[in-house]
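Worksheet: the structure to be examined is printed underneath.
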Amino acid sequence: MSLPNRVAVIGGGTMGNGIAQVFATCGAETVLCDVSQAAADKGVAAIQKSLDRFVQKEKLSAADRDATLARLTTSTDVAAAVANVDLMVEAVFEDVDVKRSIFRAADGAAPAHAILASNTSSISITTLGAATKRPSQVIGMHFMNPVPLMKLVEIIRGQDSSDATTATVVEASKALGKIPVEAQDYPGFISNRVLMPMINEAAFCLMEGVSTREGIDEIMKLGMNHPMGPLTLADFIGLDVCVNILDVLKDGLGDDKYRACPLLRRMVAAGHLGRKTGRGFYEYS
Ligand code: CAA
């Protein structure tokens, strides 16, 4: 299998709908599953909007957009969604118990050959594999936001992920036009273990008055050639997500150097979570 024929994406949020979009665009029959029809429909609407942007920029033909949408279906039941798939990619919020129950349900309903992948940014793939009777077919496929534009898929091998499973998801990622890079299953893998301390340090710099929000972001954009400054990026990711990942790094690696900046925690407590709430380090209308 290079591109799987049938894919189920569990979770229709930003990451889930982006993942469903790229699979459907590349030709896979794709089911987008969420807890309610309204949530699944919202995911499809986001896909439609993103595809329209590609059509406007003449990066996709209107016929290909329509064919992509025709390959997309929705579901509100994990067992039904995975019943005849080759690959599941779970992309629900970062709660280990919720993810475990999805993997358990998928394991009971998916065909024996199916691979069960998670888009988790920090939860142990080994833990998710242990919730199933097929840990050798459980693996991490960590896409980056915005999924239709970002090239990387971080492939995370759990303790028991097999070579065959790894090879299959590596090939599937390449078939999506992405570049897969492998990492082992340690807290935060590579992407967030390196990214989050930078974002955290930027928050400490702001808290200590080393510079303004604009100053910190400009220095990293102009000096390091980053497309977004760390505070803008934190707003883009979600400050609650950043704090959650920092907690996973601190607990999982047992090192206080990953402690979340008090300013980050205070902003989360105030509900200033970034773009999604209209306010984080910056204001959004
Ligand atoms: N679908 C289709 N098109 C999209 C899109 C989407 N979802 N999102 C953006 N675009 C398009 C825009 O319309 C725009 O098109 P034109 O240039 O043709 O007008 C283009 O992409 C660029 O967008 P913008 O002009 O708005 O802004 P930009 O040039 O700064 O690019 C960006 C946007 C690609 C997001 C860039 O800023 C970037 O690379 N930022 C860093 C992103 C990043 O670090 N992501 C990883 C986050 S961490 C993560 O995801 C994992 C985790 O576990 C936390």
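The values are calculated or read from the model by the stated rules, or taken from the named source; none is laboratory data. The shown structure was predicted, so the numbers you read here are calculated from the model rather than taken from an experiment. Glycine gets a Cβ as well: all are built from the backbone with ideal geometry, and neighbour counts include every protein chain shown. Just the protein is used for accessible areas: all its heavy atoms, side chains included, with ligands, DNA and RNA removed. Shrake-Rupley method; radii C 1.70, N 1.55, O 1.52, S 1.80 Å.
Scan the range 141-181 for trypsin sites (Lys or Arg not before Pro) in coil per DSSP, keeping those whose Cβ has at most 13 other Cβ atoms within 10 Å, and list them by number. Display every interim value, and only then the final one.
Details: sites: 151, 157, 174, 178; in loops: 151, 178.
Those that pass, being in a loop and sparsely packed, are 151.
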**OP:** Kindly write out, for the range 188-202 in residue order, the coupling ³J(HN,Hα) from the Karplus curve 6.51 cos²θ - 1.76 cosθ + 1.60 (θ = phi - 60°), rounded to whole Hz, with x marking Gly and Pro.
**Re:** x, 6, 9, 4, 7, 5, 8, 5, 5, x, 5, 4, 4, 5, 5
Original post:
Amide H to amide H under 5 Å from residue 153: which residues, 5+ apart in sequence or cross-chain, H placed 1.01 Å off N in plane?
Top reply: 179, 181
Subject >> Residues whose placed amide H lies under 5 Å from that of residue 141, excluding near-sequence neighbours >> reply: 118, 119, 120, 156
**OP:** Treat every Asp and Glu Cβ in the range 6-184 as -1 and every Lys and Arg Cβ as +1, leave all other atoms uncharged, and give the resulting dipole magnitude about the Cα centre to the nearest 20 debye.
**Re:** 260
**OP:** Give the accessible surface of the chain per residue, rounded to a whole number of Å², with probe radius 1.4 Å and ligands, DNA and RNA excluded.
**Re:** 46
Subject >> Karplus-derived HN-Hα couplings along the range 139-155 (A = 6.51, B = -1.76, C = 1.60, θ = phi - 60°), whole Hz, x at Gly and Pro >> reply: 7, x, 10, 9, 8, 10, 8, x, 4, x, 9, 8, 7, 7, 10, 7, 9
**OP:** For a label point 7 Å from the Cα of residue 251 along Cα→C-beta, name the residues of the range 124-165 whose backbone N is under 15 Å from it.
**Re:** 124-125, 127-128
Subject >> Share of carbon and sulfur in the accessible heavy-atom surface of the chain [1.4 Å probe, %] >> reply: 54
**OP:** Rank these residues by their accessible area, most exposed first, probe 1.4 Å: 121, 2, 136, 285.
**Re:** 285, 2, 136, 121
Original post:
So how far apart, in nm, are the two label points at residue 77 and residue 100 if each is 7 Å from Cα heading toward Cβ?
Top reply: 2.6
Subject >> Accessible area (Å², 1.4 Å probe, nearest 10) - residue 282 >> reply: 40
Original post:
Which ³J(HN,Hα) values, rounded to whole Hz and listed in residue order, are derived for the range 247-264 from phi using the Karplus coefficients 6.51, -1.76 and 1.60 in 6.51 cos²θ - 1.76 cosθ + 1.60 with θ = phi - 60°, glycine and proline given as x?
Top reply: 5, 4, 5, 5, 6, x, 9, x, 9, 5, 5, 9, 4, 5, 4, x, 5, 4
**OP:** Enumerate the amide H contacts of residue 87 below 5 Å, restricted to partners 5 or more residues apart or on another chain; note that Pro and chain-start residues carry no placed amide H.
**Re:** 6, 8, 115
**OP:** Quick one: check the C-alpha center-to-center distance for the range 223-255 versus the range 49-121, whole angstrom.
**Re:** 26
Original post:
With every protein chain present, what accessible area does residue 212 have (1.4 Å probe, heavy atoms only), rounded to the nearest 10 Å²?
Top reply: 80
